[in-house]
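This report refers to the structure that appears directly beneath it.
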Amino acid sequence: MTRMETSRATTAKQLRPYTRPLIKNAWYVAGWSEDFGDDLLARRILDEPILFYRATSGEPVAVLDVCPHKLAPMRLGQRIGDDVQCGYHGLKFNKHGQCVHNPQGNGIIPPNAKLKSYPTVERYSVVWIWMGDPAKADPDNIPDFSVLDDPKLKPVKGGHKVESNYMMMVENLLDLGHALFLHANTGGMGNLQLTESKITNEDGAIKDWRLYTDIPTPSLFAQFLNEERADLWSDIRWSAPSVLLNNAGVSPVGRARDKSVAVEQYGTHFLTPETQTTTHYFYANTRNYALDDPAGDEAWRQWQRKALKAEDSMVAEAIQSVVPQAEELEVEMVVLSTDLSGIRANRILEEMAVAEEGE
């Protein structure tokens, strides 16, 4: 194999996470609970057009947004009680996707007049959807994000669409080393010397732990800790395929991760593939200080706009723009120690993809 061939083979292997088939047998976040109401909501997930609404009981309903008669989008119709009616010819479908009324001609309902329906669960202030085999949809496998419902914490929620493959954002978030540079201004941490780090794999969840001791208190937390120097930690947990929980905080020197004195926040990051090259990004920053302070809410909203959209998402979109050319450019991608948690996550996803292909 020539050097050029070796380069292209290496690049293709490195790019595999951005081109592998999307995992179907998994729970994905369809949106925040407040996104779903009486009105019809259309959202594409894993490249499937899906129509959402709430039944009269309050449960979220998810069905394919394509009428089986003439393929008209169901979102062009209307909701009638627990049913949804196609706006083209009036076929009416119940919340399970079964056609229950045909107003045309002889009124006979064809046996295949049905919409694909998707299991949904509402938990931790979000609506989860299962895109694969309904028989495998076990709500007990939804990772713990109870910080979003903790009355002792205050969440600030947000979201936007990212024009990149979801794994670019997953790898970005798992790579905590980027924060010292990409978020140098938004986080106020500067170029710090790492004191301790470890990566664990517990029940399929990858966790990256990082600690910086006896440093100038980062500006993000300084006004709330009232200490010139502090211990700073930044830990993140990834659960397949694309949900993450970050815990970052400061405490007086020598008391790292001591909840009794910590000023901290939990960042929840839900990356749901819209297509292979676009991603729904839902996030929240949930803090344990200044719970009733509107200025504290606004500070985190500004941080989300700057760090998560203008910085993280910007980099992911820039990388996505290079992917089609990467092999042609003969870039031999390198691996750094900060990539290890992302590598482990990719191994798990590769196994999941292979398992689905074998079904």
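The values are calculated or read from the model by the stated rules, or taken from the named source; none is laboratory data. No experiment lies behind these values; they were computed from the predicted model shown. Here the Cβ positions follow ideal geometry from the backbone for every residue, glycine too, while neighbour counts run over all protein chains shown.
The number of residues in the stretch 74-107 that are modelled with pLDDT under 95 and touching a Phe, Trp or Tyr at 6+ places or on another chain (Cβ under 6 Å) comes to 0.
This table checks each residue for (1) over 18 Å from Gln193 (Cβ atoms); (2) among the hydroxyl-bearing types (Ser, Thr, Tyr); (3) touching a residue at least 24 places away in the same chain (Cβ under 8 Å).
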position: Thr217; (1), (2), (3): no, yes, yes
position: Leu220; (1), (2), (3): yes, no, yes
position: Leu245; (1), (2), (3): yes, no, yes
position: Val250; (1), (2), (3): no, no, yes
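Look at the stretch 303-324: where a residue is over 19 Å from His280 (Cβ atoms) and a partner is among the aromatic types (Phe, Trp, Tyr) and modelled with pLDDT under 95, sitting 6+ places away or on another chain with Cβ atoms under 8 Å, you get Val323/Tyr18.
Within the stretch 284-302, residues that are over 22 Å from Phe270 (Cα atoms) have Cβ atoms under 6 Å from residues that are in a strand (DSSP E or B) in these pairs: Tyr289/Val263; Leu291/Lys154, counting only partners at least 6 apart in sequence or on another chain. Checked against (1) of a type outside the set (D, E, K, R); (2) surrounded by 14 or more Cβ atoms within 10 Å (Cβ to Cβ); (3) at pLDDT 95 or above, Pro110 passes all but a single condition, namely (2). In the stretch 122-153, of all residues being touching a strand residue (DSSP E or B) at 6+ places or on another chain (Cβ under 7 Å) and in a strand (DSSP E or B), the one that is farthest from Pro294 (Cα to Cα) corresponds to Trp130.
Hey, any hits in the stretch 156-179 for a residue that's modelled with pLDDT under 95, loosely packed, with under 14 Cβ neighbours inside 10 Å and either aromatic (Phe, Trp, Tyr) or over 19 Å from Gln304 (Cβ atoms) (or both)? No: the stretch 156-179 contains no residue that is modelled with pLDDT under 95, loosely packed, with under 14 Cβ neighbours inside 10 Å and either aromatic (Phe, Trp, Tyr) or over 19 Å from Gln304 (Cβ atoms) (or both). Being over 22 Å from Ile50 (Cα atoms) and outside any helix (DSSP H, G or I) is true of Val156. Selection of the stretch 301-323 for residues being among the hydroxyl-bearing types (Ser, Thr, Tyr) and surrounded by fewer than 19 Cβ atoms within 10 Å (Cβ to Cβ) yields only Ser321. Out of everything in the stretch 77-100 that is hydrophobic (A, V, I, L, M, F, W, C) and outside any loop (DSSP other than H, G, I, E, B), what residue ends up being nearest to the chain's Cα centre (by Cα)? So, considering only residues that are hydrophobic (A, V, I, L, M, F, W, C) and outside any loop (DSSP other than H, G, I, E, B), the one nearest to the chain's Cα centre (by Cα) is Val84.
With respect to Asp231, is the statement that it is in contact with a Phe, Trp or Tyr (Cβ under 9 Å, 6 or more places away or on another chain), under 25 Å from Lys152 (Cβ atoms), among the acidic types (Asp, Glu) and crowded, with 17+ Cβ neighbours inside 10 Å true? Answer is yes for this residue. None of Lys116, Lys95 is in contact (Cβ under 8 Å) with a residue 40 or more places away in the chain, touching a strand residue (DSSP E or B) at 6+ places or on another chain (Cβ under 9 Å), surrounded by 13 or more Cβ atoms within 10 Å (Cβ to Cβ) and more than 20 Å from Gly37 (Cα to Cα) except Lys116.
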